[in-house]
Amino acid sequence: MTNAPAPLPLTSTLRASWRYWLDSETAPAGSPWLQVLWTALFACAVALAFTMIGFAATARTLADWMSLDSWRILYGRNLLVSGLIAFTIQGLFKLAFSIFGRARFAQATGWRRTLFFSGIALLGTAIGWPIGMSLIYGRLRVFSQMTSGQVVSLCVISLMVTVTISQFFSLRHKEMKARMRANEAQLRLLQGQMEPHFLFNTLANVISLIDADAPRAKHMLEALTDYLRASLHGLRHDDSTLDGELDLARRYLQLMQTRMGDRLRFEFEVDEALARALMMPLVLQPLIENAVKHGLEPQVDGGTVRVTAARVAIDGRDSLQVCIDDDGAGLAVAARRSRRTVAGGPDGNGVALANLRERLRARFGDTARLTLVERDAGAGTRACIVVPWQVRSAA
């Protein structure tokens, strides 16, 4: 079965790319050509706005408004100038980010942030506007023929355009930050719900062993203590790494081996180059828990859990894909099984996957996904998580 992920839906890609165009601090998404497209569409909208202003200032009669030639000439000129200004500003931002680093500007606040973004917009206007005017009139001497009042008026208009553009992007940035803070609050709530869910399911396994095999139940409880010692610290943080999540996955599988013995086998096939890739904490354990509990436990001979990871490209965006395969009973059999009752209550089936999907949506929006599919008929299940590619710095 292929490891290549399906591309994101077009609407999701466009939405993520649009967010990245509005706020460069969000995760890069989509093809670079989409950024060019959004800039071109923005220039078209600005040109239309100035064309409307131009007609409002000069048109005398309804016939003037209805003149297609006048619209074509005025809009064409405004589009040329707006396009040059927009793409000049975009180029200046890319140049600044490549020279000084995107992180430095992301950390800027208050007047420093306003000065940087307004300054880039003003510089782009100062460069793009004269070039556009010279292309329209065929020479730059047109500026020398302007009166001082016209020069002042054009400077004021340029400044107004710059302030308008800066305010637009500033408001969008504040709106996105507010949305991110709301998502982070939801994420912390969902992440906190994972701890009692995991503990309940694991302790339920210990309870089921107490009467049948007390020494093994004691050993499992000791293994659980070791696992919690390693995992609870990470649960209090927003980020983990692939290496850290794989270590917890190994500990969990070793914990389950104390119960299932040789019936449980596991394999990890992960390149060391992916070790520092950023992940959310406790995202693999629920999937591995499902593979063991619903896939392997019902089988007399048990089975194997196989964990793989790869850096993949989806719609032009680097992503991390982690898959958990099992050769267990499969989704159809698991769906027909009745929920177990342990210590007077249900074992929590279905809670972890729904919770995990909500956590991914709250953190990454449309750029992350969780898929659960049947492998070949009767050959088990594959669960895959895809998240945007990010790497924790060496520091």
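Worth a mention:
- Exactly one residue among PHE116, PHE93 is surrounded by 14 or more Cβ atoms within 10 Å (Cβ to Cβ) and touching a residue at least 60 places away in the same chain (Cβ under 8 Å), and that residue is PHE93.
- In the set ARG317, ARG259, ARG276, only one residue is open to solvent by 20 Å² or more (accessible area, probe 1.4 Å) and under 20 Å from the mean Cα position of the chain (by Cα); that residue is ARG276.
- Checklist (1) modelled with pLDDT under 85; (2) open to solvent by 60 Å² or more (accessible area, probe 1.4 Å); (3) in contact with a helix residue (DSSP H, G or I) (Cβ under 7 Å, 6 or more places away or on another chain) applied to PRO286, failing item: (2)
- Residue satisfying all of: in segment 78-90; farther than 11 Å from LEU123 by Cβ and polar (S, T, N, Q); least open to solvent (accessible area, probe 1.4 Å) among these: SER82
- Subset of segment 203-248 [farther than 30 Å from ARG392 by Cβ and either modelled with pLDDT under 75 or within 24 Å of the chain's Cα centre (by Cα) (or both)]: ASN205
- One residue stands out among those in segment 241-256 that are touching a residue at least 60 places away in the same chain (Cβ under 8 Å) and surrounded by fewer than 21 Cβ atoms within 10 Å (Cβ to Cβ): the one that is farthest from LYS293 (Cα to Cα), which is THR241.
- Only a single item in (1) in contact (Cβ under 8 Å) with a residue 40 or more places away in the chain; (2) out of contact with any Asp or Glu (no Cβ under 8 Å at 6 or more places or on another chain); (3) open to solvent by 10 Å² or more (accessible area, probe 1.4 Å) is not met by VAL300, and it is number (1).
The values are calculated or read from the model by the stated rules, or taken from the named source; none is laboratory data. What you see is a predicted model; the values in this text were computed from it and never measured. Neighbour counts are summed over all protein chains in view; Cβ atoms, including those assigned to glycine, are modelled from backbone coordinates with ideal geometry. Each accessible area value is taken on the protein alone, full model and side chains, heavy atoms only, with ligands, DNA and RNA left out. Shrake-Rupley method; radii C 1.70, N 1.55, O 1.52, S 1.80 Å.
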